[in-house]
Amino acid sequence: MTVRFGNPDRPNSYIGKTVPRPNAGRLVEGRGRYVDDISLPRMVHVVFVRSQFAHAKILGIDAEEAKSVKGVLRIFTGTDLAEVCTPWVAVLEHLKGLKSPPEHPMAMDRSCWVGEPVAAVVATSRAAAEDGAVLVEVDYDPLPVVADMMTALDAATPVLHPEMGDNLAFQRLHEQGDVDSVFETAHKVVSANFKTARHTGVTLEPRSILVDWNPSEGQMTAYHATQAPHMMQTVLAEHLDVPESRVRVICGDVGGSYGIKVHVYPDEVATAAIAKIMARPVKFIADRLESFTTDIHARDHEIDAKIAVDAEGKILALDVDDWTAIGAYSVYPRTSAIEGNQVVNLCGGPYDFPNYRAKTTVVFQNKTPTCQYRAVGHPIAVAVTEGLVDMAAAELGMDPVEIRRRNMYADDTYPVTSPANMRFEGLSHHQSMDKLLELMDYDALRADQAEARGRGVHRGIGIASFIELTNPSPFMYGIGGARISAQDGCTVRMDPDGSIVAMSGVTEQGQGTEAMLSQIVAEGVGVLPSNVRVITGDTQVTPYGGGTWASRGAGIGGEAALRSARALRDSILEVAASMLQAVQASLDIRDGHVVDAETGAKRMPLEELGRIVYFRGDTLPKGLPRELVQTRHYITSEYPFAFTNGVQASYLEVDTETGIVTLLKHWCVEDCGRIINPQLVDEQIRGGIVQGLGGALFEEIHYDDDGQLLNGSMADYLVPMASEMPDMVVGHIETPTQESALGAKGAGEAGTAGAPAAVMNAINDALRPLGAQVTEMPFTPERILRALGVIEE
Amino acid sequence: MTRIFDDKVDIDLTVNGEPVEARVPAGQHVIDFLRQDLGLTGAHASCEHGVCGACTVQVDGTSVRGCLMLAAQLDGADVWTIEGLSDSETIRDLQEAFIARNALQCGFCTPGMLVAAEELLALGGVPERAAIREHLSGNYCRCTGYEAIVDAIETVARQRAGKVQA
Ligand code: FES
Ligand code: FES
């Protein structure tokens with residue numbers, strides 16, 4: 001039975017409505033339970049001694065003085081942990097040629113970035129462990145440092161991992177059509193160099209893990225702030241030699257993730273290894289400096305790109321040469337080649353054009369490893385594409401909206417395959433653009449801009465169309481050999497009083513996963529959402545699943561929930577039909593009652609059915625199935641990814657004397673397919689936009705030439721504050737995916753994907769009459785003043 | 001390090017309306033004292049140097065960064081944390097507005113955000129949106145993008161102003 005989404009008056013119509021989040025009440029009262037809120041009997045604390053050098057030989061570690069600190073119990077080195085923990089190698093077979101050396105939970109005889117764990121101090125209190133850590137003396141012999149990305153492959157640059165042969169981690173060239181000859185003959189060719197800065201996620205809750213090992217049961221329990229508890233279960237089991245069935249990962253409240261908490265971190269595995277050695281609970285909570293030096297970084301790209309257009313503004317070809325540096329190791333198990341790979345996959349995404357060449361070059365360097373962070377690769381690809389499209393429009397004297405209209409895939413051409421070989425099932429670029437222009441009142445805004453310019457005030461409008469990759473299939477990781485699940489499952493159970501419990505493999509980090517699941521299960525079974533208790537984040541009770549990343553929670557976890565809920569409904573109705581001597585198809589469940597499907601007349605409360613099944617099963621016919629619990633798993637199989645699309649616009653003002661950009665307003669129209677909870681989707685979009693705005697205007701990790709990280713605090717690495725952010729208007733087009741009954745695609749990354757490009761284009765729109773242009777993010781006052789020639793070298 | 005700094009200090013204070021006597025290390029911060037010694041885990045430590053506001057609690061009626069103040073300075077103080085403000089229903093309207101407007105996602109910033117918001121609301125009147133945003137500049141939220149938080153605070157300011165006039 002399918003859900004009649006077209007009918008808003010259908011019974012139990014919770015999918016598509018704004019219902020409150022079941023966990024919000026707890027969080028506003030300070031009753032959340034984040035890892036650092038948990039204390040276990042005999043718990044100890046670990047603090048890591050970290051490399052102060054970007055590259056150094058470790059000649060010796062003297063821990064004698066540290067041991068004398070009261071409360072310090074033990075001190076571990078890399079070699080100590082190597083005895084209980086095997087190293088990992090982060091490569092994927094389908095990313096041909098990707099290489100990375102084995103990585104241990106702590107440095108063995110060499111450290112490769114500032115912040116790499118070198119020794120671990122365990123004490124009865126965090127304060128004592130910190131006191132001990134300062135006293136551990138590490139004898140370093142500094143080695144030559146690879147810091148610069150663009151010279152990493154030069155012959156004169158030392159090779160970071162000699163056994164790898166060179167500093168090239170991965171390279172991919174994709175070519176379609178005859179790019180070179182088109183560029184030779186095209187009406188106009190525009191080229192530019194783009195830079196996106198090194199970012200990190202700055203989750204307000206730092207990375208946190210508390211691991212207990214009970215040797216008498218051979219049981220490991222990890223309380224972990226993670227997006228992928230089952231993946232962590234598999235990783236801990238594999239590298240610490242415990243059966244998967246004896247590793248339980250519990251993921252309670254998580255204080256922000258954005259992709260940061262989906263990776264395997266050496267210090268977190270070290271914590272588990274130490275717990276296994278000491279046979280007692282060990283807690284690790286990163287401090288803020290550790291967050292900056294050891295949370296994954298991302299988006300450190302430099303791109304040379306050009307676009308060829310004809311006189312009508314049709315895009316003829318796009319040529320992209322992308323470079324990125326990923327630090328000293330590819331990050332396990334997702335690898336650090338995905339971001340560059342995504343740039344190749346996503347450039348030119350909204351547009352129908354024939355000739356495309358893109359190359360990504362991924363190099364090693366002595367910095368913090370980079371890996372997947374919210375909207376992986378999208379902000380880069382969108383900035384390059386949309387930046388070039390705007391420059392081409394300016395070159396042709398064409399309106400930025402018009403050039404997009406002439407190139408975007410028509411809304412009725414799907415399915416299509418892009419020149420990057422991405423398959424699009426159904427997108428809505430033109431409808432989205434129409435809606436955006438209506439929401440922002442484009443013509444009025446242009447008039448306002450002109451009026452302001454008359455007063456010497458420089459305002460700009462920037463538009464950015466984009467595609468977003470969601471609902472990944474095993475094509476993303478599984479086919480490359482990674483034990484990362486693309487499928488997900490849900491178990492739905494009816495308890496004796498008729499209330500429902502749903503256990504799902506996707507997790508909650510604040511997006512509203514539990515609310516979304518409660519709505520789907522409520523509609524699927526036929527009860528009130530408040531009667532559905534959702535349980536996530538416990539590998540011992542939830543079905544095996546991938547967790548929450550790549551905007552898969554609603555599309556994949558939601559579909560599994562819908563299918564298991566419908567299956568439970570069928571089980572309930574089978575019993576009800578027998579009890580009521582009725583035809584099963586003539587019954588329905590509404591608001592917790594079995595009803596007559598035709599008239600809606602109440603026949604029996606679920607509570608009564610539960611009483612009979614659980615306590616008076618003797619009164620039911622022998623052989624009648626009575627499993628009031630059902631599990632279903634779901635995996636996408638038609639398309640490797642469910643692409644979504646959207647378009648954003650920024651309106652801003654540039655102060656040409658100070659270089660300061662003031663964001664006046666921001667708009668986003670996106671199409672994530674079926675919307676399950678409009679409010680949650682809107683707030684995901686808004687939060688995502690602000691993360692993108694941070695990248696456009698503020699966020700940048702700085703290193704010096706020796707590989708020293710220069711801004712490791714929240715005072716020095718700037719993230720958006722309330723006073724700097726605009727109000728945002730969000731609109732939707734709904735093109736459900738046909739792959740699932742639910743039809744949902746993801747919405748978690750669309751905001752971040754498009755916002756930086758919209759801001760860049762708006763700034764350049766404001767600066768164009770002054771002959772200035774910026775393409776290096778973040779667009780700080782200094783960079784803007786340099787572009788204007790106000791300050792010179 | 002001087003001898004005095006190593007010492008423990010006796011403090012006698014009120015936390016969420018209940019009397020507390022404690023002997024604290026002179027170097028311990030308020031946030032650690034509340035979280036670790038009193039089990040009040042509602043306020044959080046995040047930046048640990050006064051920038052993000054996740055550790056915000058009320059001390060003697062004003063909002064204070066728990067990571068910047070020492071527990072030893074609390075002698076005689078009247079401290080309120082999110083737990084007490086919830087139990088006493090002091091900010092029930094604000095909490096309900098946060099839930100209704102989905103002004104929280106991961107919730108890690110939320111207890112501090114609510115204390116900061118209450119400080120502004122306690123001044124009375126209906127502040128401009130820009131003033132609300134300005135007041136929240138010491139409270140980072142990495143999830144929501146702030147707009148929903150501003151909306152929720154504005155709604156409560158209006159509600160309270162309406163009540164006062166009525
Ligand atoms: S933890 Fe105190 S202000 Fe950030
Ligand atoms: S809700 Fe996550 S930081 Fe504010």
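Measuring between their Cα centroids, segment A:132-172 and segment A:748-772 lie 35 Å from each other. By the combined test of axial Cα extent (at least 20 Å) and Kyte-Doolittle hydropathy (mean at least 0.5), the qualifying DSSP H helices of chain A come to A:378-396, A:750-767. Enumerate by residue number the GluC sites (Glu not before Pro) in segment A:577-625 meeting two conditions: DSSP loop (anything except H, G, I, E, B), and at most 14 other Cβ atoms within 10 Å of the site's Cβ. Sites meeting the loop and neighbour criteria: A:Glu598. Other residues lying with their Cβ under 15 Å from the Cβ of B:Thr62 contribute a combined charge of -3, Lys and Arg counting +1, Asp and Glu -1. Take segment B:8-85 with all the other protein chains still there, run a 1.4 Å probe, and you get 39 Å² of accessible area per residue. Buried accessible surface for the A/B chain pair comes to about 3800 Å², total over both chains, computed with a 1.4 Å probe. In this structure, A:Asp705 and A:Glu792 have a Cβ-Cβ separation that, at R0 = 22 Å, corresponds to a calculated FRET efficiency of about 0.45. Taking every alpha-carbon pair under 8 Å whose residues sit at least 6 apart, chain A reaches a relative contact order of 15 percent. Can you list the residues, at least 5 places off or on another chain, whose amide H is less than 5 Å from the amide H of A:Lys188, using H built in the peptide plane? It is A:Val309, by chain and number. Reducing segment A:725-742 and segment A:530-579 to their Cα centroids gives an inter-centroid distance of 23 Å. Among residues other than A:Glu238 with Cβ under 12 Å from its Cβ, the summed charge is -1 (Lys and Arg +1, Asp and Glu -1). Other residues whose C-beta falls under 11 angstrom from the C-beta of A:Arg404 contribute a net charge of -2, scoring Lys and Arg +1 and Asp and Glu -1. Here the accessible area is traced with a 1.4 Å probe on the protein chains. For segment B:91-165, carbon and sulfur cover 55 percent of it.
Note on the protein assembly as shown: antiparallel DSSP beta bridges, both residues inside, total approximately 80 percent of the bridges counted. Neighbouring Cβ atoms from other chains, within 10 Å of the Cβ of residues in A:684-690, number 5 on average.
The GluC sites (Glu not before Pro) of segment A:191-294 meeting both criteria, a DSSP state outside H, G, I, E and B (loop) and at most 12 other C-beta atoms within 10 angstrom of the site's C-beta, are A:Glu217. How far is the Cα center of segment A:455-521 from the Cα center of segment A:373-412, in Å? First find each Cα centre; the distance between them is then 27 Å. Residue separation of B:Ala100 and B:Gln36 scaled by 0.36 nm, minus their Cα-Cα distance, works out to 19.9 nm of gained length. Panel note: the C-alpha atoms of segment A:626-755, placed on their principal axes, show extents of 70, 37, 28 Å (largest first). Taking the 1.4 Å solvent-accessible surface of segment B:1-71 as the whole, the part contributed by carbon and sulfur is 49%. The mean number of partner chain beta-carbon atoms within 10 angstrom of a residue's beta-carbon across peptide B:107-116 is 6. For A:Arg110, nonlocal amide neighbours, meaning residues 5 or more places apart or on other chains whose placed amide H falls under 5 Å from its own, are A:Ile58.
The helix-based estimate of mean residue ellipticity at 222 nm for the protein assembly as shown, built from -39,500 (n - 2.57) per DSSP H run of four or more residues and divided by its residue count, is -8500 deg cm²/dmol to the nearest 500.
Taking 7 Å steps out from each Cα toward its Cβ at A:Arg42 and A:Arg4 produces label points 6.1 nm apart. For the peptides A:759-766, A:626-633, residues were scored by their other Cβ atoms within 10 Å and the scores averaged per peptide; the highest-first order is A:759-766, A:626-633. Take every DSSP beta bridge whose two residues both sit in segment B:8-85; close to 90 percent of them are antiparallel.
Legend: P(r) of the protein assembly as shown from all alpha carbon pair distances, 10 Å bins from 0, whole percents, reading 2, 11, 20, 24, 21, 13, 6, 1, 0. Among the trypsin sites (Lys or Arg not before Pro) in segment A:1-62, those placed in a DSSP loop whose Cβ has at most 14 other Cβ atoms within 10 Å are A:Arg4, A:Arg33, A:Arg42. When the pairs A:Lys67/A:Lys283; A:Lys261/A:Lys367; A:Lys96/A:Lys745; A:Lys283/A:Lys367; A:Lys17/A:Lys435 are compared against a 24 Å limit on Cα-Cα distance, A:Lys96/A:Lys745; A:Lys283/A:Lys367 fall above it.
Look at the dipole of segment B:8-85 built from charges on Cβ: of B:Ala72, B:Thr56, B:Thr14, the Cα furthest out on the positive end belongs to B:Thr56. From the C-alpha coordinates alone, can you work out the Kirkwood hydrodynamic radius of segment A:2-95, in Å? 20.7 Å is the Kirkwood radius here.
The values are calculated or read from the model by the stated rules, or taken from the named source; none is laboratory data. All figures in this text were calculated on a predicted structure; none of them were measured in a lab. Note that we place each Cβ from the backbone using ideal geometry, even for glycine, and neighbour counts take in every protein chain shown. Calculation scope for accessible area: heavy atoms of the full protein, side chains included, ligands and nucleic acids excluded. Shrake-Rupley method; radii C 1.70, N 1.55, O 1.52, S 1.80 Å.
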